[in-house]
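Note sheet for the following structure.
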Amino acid sequence: MKKLLILPAVLSLSALLSACGGEGGTSNPPPTSKFVMTVQITGAATAPVTVTNTTSKATVFSGMLTGNKTFSDLAAGSVLSVQGGAVNGYTTPDVQTVTLDGNKSVTLEYKASSIVGTAWNNTSIAGQVVGTDLQLSNAYLGSFSDDLFGKTTLVNNVVSFDLSALVPGPRELLPDYYGPRSGCIGNNSDPDAQIYGSTNMTVFGPQGDLLGYIDEKIVAGPDSALPQATLNRLYSDRRFTYKGTCTFYDSAGNPYTETVDVNIRRGWNTLVVSQEAKAFNTRNASSDDRIKLAFTSAEPRVVVALGDTNLNFVNSENVTVNAEMIQVGNYSGEISLSTDLPGLTVEPATLTLNPLPKVSAQAAGSRPPHFSALSLRSQRLSAKLTFKYSGNENVYNRFFSLLVKDSGGKQVGQGNGLINVSRPGISVAVYGPELELAPSSTRSFPVSLTAVGNFSGEVTVSLSGLPAGVSAPASKVNLQYFGSTELTLTSGATVKSGTYPLTITAQGGGKSATTTINLVVPKSSVSVSLENSSLAVAQGEKATIGVTVQSRNGFSGSATVQLTGLPNGITSDPTTVVVTPNTTTTVRLPVTAAASATLGETQVTVTSPDLDPQQSSYGNTFTLLVRPARTALGNNLSSILVAGNSGVWTLTSNYNSSTYTTTSTFKHLVDGKVTSTATVNGEINKAYSLSDGSILAYHIYDTKAYVINDTGIQTITSRPSGLAGYYNSNAAVDDQGRLWFTQESASGAMSGYSLMSWNPVTSTLKSYVTTNDLTYFGSYIASNDGKHLVYQSSTSADFKIDTSTGEMSSLGTNISTSPENAALKNDGVIYFTDYYGSSLKRLNLDGTITGFLEFNNINGVIGMDKGNDNYLWVSTYYGVAKINLQTNAMTITKFDSISGKILLTEGGIGVLTTESINGNTGTQAYLTLVR
């Protein structure tokens, strides 16, 4: 290379000699002040390279290098640092320092590495993004409240994001992240934790185009075997652990599950998320995992952002707005623009979108830093779009879509806007989105008209889109300012059901306007209604429920009515009924209960294949109550029930009007069968079960009494006088078969009353104590073993009585205001209800009272179960209930019209009910045993 040496006008001798080659006149080449340097890479195809002049501390080059690059005009003597950046899958070469004492060549050798990927850092996201050559710019973590949260800027597609400097605030932190409201069920050590989470970054190009997403994919390490394993960056305001399962849904409503087992600390955490089909798995990432930053392109499309989304046409002129074409996923090529609104067009109709810029180290690196941006010419297309509206009608606040299509006519994007056209003309409106018209009917609806601008004149209003079988004549209006009319639709019997979009057109004076309404022709159907909202049936029996069927929308013909939702053991045959328009028909649906039918209440629905789909289930649903099996006992049955050693004794009284006499017949029923019958003359109104299984029966105003068992009747001609009278009717029997009661003392009422016991078999009568604390108004309750009695006084404190000695001990309180509101256990503990029956209390042996259970429907205490006195039977407003005194569980069996109830010797209770029969002209009694 030849160089011209230019010397200054004045030159020293030594300098001149040196320039000429020395004192001896020998010619040497002159020293140069500039050199060149070539940097090349081997092994890797492309690598980030930085060349720095350490002498001047200036950056010569920083960017992606492919192959080699020569740098000219470098000052002699400069010391340059040549540094290669990390490339996934390769070892990074050492930094080389070069002194420019001549032209130099530097080679950065990249060798394939046996180590795959890079290690992750808990508080940073860093590395080269692979999978794209597009120029990436800003990336965001995003949050539920801000898609642009957590910004980082990439340099030459290298991410260097310091998470430790990013602290999510209240707008980003979510409560209940792993809680029920998020669809999660599991064990959370601190449900109040506030959490932010991000599984990837959304990345944009230099011009703001959405390009795609960056994932931290696991390529090596313990978690690399998991399917589609990526890192999840999670921030928490506190420590917690969570183990459980979450369920969430995509936009189409499809369910996904996530199994989570994490230990979270305060601050940033790194988790690994894997996915297989519709199941995710989340856990703490292994410190040995290695990752790569992988780019995934967004679906290529175009989003049009209108500078003004409101197009207002007030006269004939067009509307021009600024618009930007956002090239999502690097979409490029020719596009066409149109709208989905008839009469609305846009110009220009076609545009060409150039490909977005790619990483170009060669172009940017040779320029000074303040000129580097000039190498990235903006590709995001800004344009002025002119909209034209050629329609004759005015429209108000109507949405439209600006459609973007490719050269093949496929839609690849869109924008949205709002159009208002208020040119002189007509405006038409209707109220409501739809109109219902049944077959064979007529329906009118109003149409409102408004003159726009200075329009006036005759306007014709018509309907189009009518289905076959429906007609609607047009209507004329002389419009000035405002006007209205009615359109009348008439349907025939053959019109098909469905929804028909109708167009209402108002036309006149060369102007027109339209609006739409849906015509709904309902399907011909039936409606059903129930005669009762509930039905009860006993096991092994049948019942019916009345259903009224009515024609809807012209239905005519046979309709099948049936029951659905029946419990196990209940069947009902479908019933067919003939229905005609403008009439109602009532049918009774049968209900049959098997002997093993499930007890309790069930909601049952009456339905039909022809049922009106608009009918609410409120009108065709009833409560079906399945009761235990029962025994029919006929009519004229007394309310008296007496327990035998097994089964129940019932009483029927028959009055002979010709002789003016009454006979009383006892029947012993065991397992629903009569085992013996006993009839006595006279009326019986008191009966007790004795300890040997026989029963004692008498009338309070008759001196006779009877002891009855399966072998016969023992007549007692003279019972104690103290058992006479209405008030002293609540006696009790002890374990020896003695009847305990109160009798007025011989000295007169002022001297008090005596505690008495009477053995009806041996006729033994014994007196124990005389006191004014005993009255006719009191009542006696016996424990199941008969060894203890409780006397309930109506005026003072109550007493407990030891039947072996007759000793009375005061309870210190009135345990109840009613003789049917208390029960005595064998151990002496007393259960009773308060005045309102809303609270069940317990009188303990030490005299303390414990609030036991709170109920709002108890109206009486029946007694302790004789088979197991850990159970208490009570009456409720709905029937009877069995209470487990150990668990407080309450089982209710519902009954109507209970006339009698008795504790059974073998356990359980017998319940006597009555029902009206034959149109309320008679009654039928039933006995139900409830265990």
**Prompt:** What does the highest-first list of 803-810, 550-557, 872-879 look like by mean Cβ count within 10 Å?
**Reply:** 872-879, 550-557, 803-810
**Asked** Computed from these coordinates, which is semi-axes √(5λ) of the Cα gyration tensor in Å: (i) 76, 37, 26; (ii) 97, 49, 22; (iii) 54, 33, 29?
**Response** (ii)
**Complete:** If R0 = 22 Å, then THR442 and THR494, at their Cβ-Cβ distance, give a FRET efficiency to the nearest 0.05 of 0.90
**Prompt:** Considering amide H positions built from the backbone, and no H for Pro or chain starts, which residues 5 or more places from LEU904, or on another chain, come under 5 Å of its amide H?
**Reply:** LYS866, ILE909, GLY910
**Burial order of peptide ranges 629-641, 711-723 (average beta-carbon count within 10 Å, highest first)** = 629-641, 711-723
**Asked** What are the residues whose amide H is under 5 Å from the amide H of VAL861, where those residues sit 5 or more places off or on another chain and H is modelled from the backbone?
**Response** ASN821, ALA822, SER875
**Item:** For segment 526-625: Kirkwood Rh in Å [reciprocal of mean 1/r, alpha carbons]
**Value:** 13.8 Å
**the chain - charge dipole about Cα centre, Lys and Arg +1 at Cβ, Asp and Glu -1, debye rounded to 20** = 2000 debye
**Item:** Note, ³J(HN,Hα) from phi for segment 381-386, Karplus 6.51, -1.76, 1.60, rounded to Hz, x at Gly and Pro
**Value:** 7, 9, 8, 9, 9, 10
**Asked** What is the sum of charges around SER145, taking Lys and Arg as +1, Asp and Glu as -1, for the other residues whose C-beta is under 13 Å from the C-beta of SER145?
**Response** -2
**Prompt:** What does the charge count near ARG443 come to, summing +1 for each Lys or Arg and -1 for each Asp or Glu among other residues with Cβ under 12 Å from its Cβ?
**Reply:** -3
**Complete:** Computed from the beta carbon distance with a Förster radius of 30 Å, FRET efficiency for ASN759 and ASP896 to the nearest 0.05 stands at 0.15
**Complete:** Taking every alpha carbon pair in segment 118-297 and sorting the distances into 5 angstrom bins from 0 up to the bin holding the longest one, the percent per bin comes out as 1, 8, 16, 20, 21, 18, 11, 4, 1, 0
**Message:** Tell me the relative contact order for segment 378-449 as a rounded percent, counting alpha carbon contacts under 8 Å between residues six or more apart.
**Reply:** 27 percent
**Request:** Subtracting the Cα-Cα distance from 0.36 nm times the residue separation, let me have the gained length for SER616 to SER401 in nm, one decimal.
**Result:** 73.5 nm
**Qualifying GluC sites (Glu not before Pro) for segment 191-292 [loop in DSSP, other Cβ within 10 Å: at most 10]** = none
**Asked** Hey, if you put +1 on the Cβ of every Lys and Arg and -1 on every Asp and Glu Cβ in the chain, which of GLY812, ASN759, LEU435 ends up farthest toward the positive end of that dipole?
**Response** LEU435
**Complete:** Going residue by residue through segment 202-208, the Karplus relation 6.51 cos²θ - 1.76 cosθ + 1.60 with θ = phi - 60° gives ³J(HN,Hα) values, rounded to whole Hz and with x marking Gly or Pro, of 8, 10, 10, x, x, 9, x
**Request:** Could you work out the relative contact order of segment 239-282, using alpha carbon pairs under 8 angstrom and six or more residues apart, expressed as a whole percent?
**Result:** 38 percent
**Asked** Based on the mean of other beta carbon atoms within 10 Å per residue, what is the order of 308-321, 532-545, most packed first?
**Response** 532-545, 308-321
**Message:** For segment 526-625, give me the percentage of DSSP beta bridges that are antiparallel, rounded to the nearest 5 percent.
**Reply:** 90 percent
**Request:** Quick one: dipole size for segment 526-625, taken about the Cα centre, charges +1 on Lys/Arg Cβ and -1 on Asp/Glu Cβ, in debye to the nearest 20.
**Result:** 80 debye
**Prompt:** Gain in length, THR850 to THR247, computed as 0.36 nm per residue apart minus the alpha-carbon separation, to one decimal in nm?
**Reply:** 212.5 nm
**Message:** Based only on other Cβ atoms within 10 Å, what is the fewest-to-most ordering of ASP94, ASP612, ASP190?
**Reply:** ASP94, ASP190, ASP612
**Efficiency of FRET from Cβ geometry, GLN886 and LYS384, R₀ 60 Å, rounded to 0.05** = 0.10
**Message:** Looking only at the chain, where both bridge partners belong to it, what percent of the DSSP beta bridges are antiparallel (to the nearest 5)?
**Reply:** 90 percent
**Message:** If I take every Cα pair under 8 Å that is 6 or more residues apart in the chain, average their sequence separation and divide by the length, what percent do I get for the relative contact order?
**Reply:** 5 percent
**Request:** Go ahead and estimate [θ] at 222 nm for the chain from helices alone: -39,500 (n - 2.57) per DSSP H run with n ≥ 4, summed, over the residue count, rounded to 500.
**Result:** -500 deg cm²/dmol
**Request:** Grab the other residues whose beta carbon is less than 15 angstrom from that of SER533, score K and R as +1, D and E as -1, and report the net.
**Result:** -2
**Request:** Answer with one residue from SER897, PHE455, LEU134: the one whose Cα lies farthest towards the positive end of the charge dipole of the chain, charges on Cβ with Lys, Arg +1 and Asp, Glu -1.
**Result:** LEU134
**Request:** Would you mind computing, in nm to one decimal, how far apart the modelled labels at THR805 and ALA595 are, each placed 7 Å from Cα along Cα→Cβ?
**Result:** 5.3 nm
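No lab work stands behind these numbers, since they all come straight from the coordinates. Predicted model, so just to flag it, every value in this text is computed and none were measured. Positions of Cβ are generated from backbone atoms using ideal geometry, with glycine treated the same way; all protein chains shown enter the neighbour counts.
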